[in-house]
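To start, the structure itself, in structure tokens.
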Amino acid sequence: MSIDADPSEQFFSGAIDRIRRITLVLGVVSTVVIWFLFGTAIGAGFLLGCVISYINFHWLKKAVGALADRVTRTGQPGASSGIVVRFMLRYGFIAIGCYVILMSSKSSVYGLLGGLFLTVAAILCEAAYEVAVALRRGI
């Protein structure tokens, strides 16, 4: 990033880091609340869903970054088989988590599904934050 970059570009370039932090904070706080309100089975499922959601977001960011790097380096949008395999492994990881939870406790599936939406909640929080900052600063 250059020193004389536009302030709005500097602000929006930090979105990924803010989403990560929001995800971690939401995950910890909501896991404690869910565990307290709904018990161990749903709380453990929710925690596993949060972990899967966070790891999935991290892997997706890496895959998109690798693909964008490849396109900007070579100038051709060809897909690398390694990137595609890692992309598909993400869904295998989610399926294994769902299977383990389903076999251990059927009620914890509700928690798992809720936890999988953790990143979506973090992205919505980031979007609301960006709108508020843009309106306040006139960006």
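The values are calculated or read from the model by the stated rules, or taken from the named source; none is laboratory data. Since the structure is predicted, the reported quantities are computational estimates derived from the model, not experimental observations. Reconstructed Cβ throughout: ideal geometry from the backbone, glycine too, with neighbour counts over all protein chains shown.
Against the numbered list (1) in contact with a Ser or Thr (Cβ under 6 Å, 6 or more places away or on another chain); (2) closer than 26 Å to TYR129 by Cα, GLY45 comes up short only at (2). Does LEU89 qualify as being part of a helix (DSSP H, G or I), out of contact with any helix residue (DSSP H, G or I) (no Cβ under 7 Å at 6 or more places or on another chain) and under 21 Å from GLY14 (Cα atoms)? Judged against the criteria, LEU89 is not a match. Screening TYR99 with (1) within 28 Å of ARG21 (Cβ to Cβ); (2) out of contact with any helix residue (DSSP H, G or I) (no Cβ under 6 Å at 6 or more places or on another chain); (3) modelled with pLDDT of 80 or more gives one miss only, at (1).
Please state which one of ALA68, ALA121, ALA95, ALA63 is more than 20 Å from LEU24 (Cβ to Cβ), of a type in the set (A, V, I, L, M, F, W, C), in a helix (DSSP H, G or I) and within 15 Å of the chain's Cα centre (by Cα). Explain how you work it out, then say what you get.
Working: ALA68 fails: within 15 Å of the chain's Cα centre (by Cα); ALA121 fails: more than 20 Å from LEU24 (Cβ to Cβ); ALA95 fails: within 15 Å of the chain's Cα centre (by Cα).
Exactly one of ALA68, ALA121, ALA95, ALA63 is more than 20 Å from LEU24 (Cβ to Cβ), of a type in the set (A, V, I, L, M, F, W, C), in a helix (DSSP H, G or I) and within 15 Å of the chain's Cα centre (by Cα), namely ALA63.
Of everything in the stretch 34-60 that is under 9 Å from the mean Cα position of the chain (by Cα) and among the hydroxyl-bearing types (Ser, Thr, Tyr), the residue that is surrounded by the fewest Cβ atoms within 10 Å (Cβ to Cβ) is TYR54. Selection of the stretch 61-77 for residues being loosely packed, with under 10 Cβ neighbours inside 10 Å and modelled with pLDDT under 75 yields THR74, GLY75, GLN76, PRO77. Considering only the stretch 1-21, state which residues are β-branched (Val, Ile, Thr) and either within 19 Å of VAL64 (Cβ to Cβ) or at pLDDT 95 or above (or both). Once the filter is applied, which keeps residues that are β-branched (Val, Ile, Thr) and either within 19 Å of VAL64 (Cβ to Cβ) or at pLDDT 95 or above (or both), the stretch 1-21 yields ILE16, ILE19.
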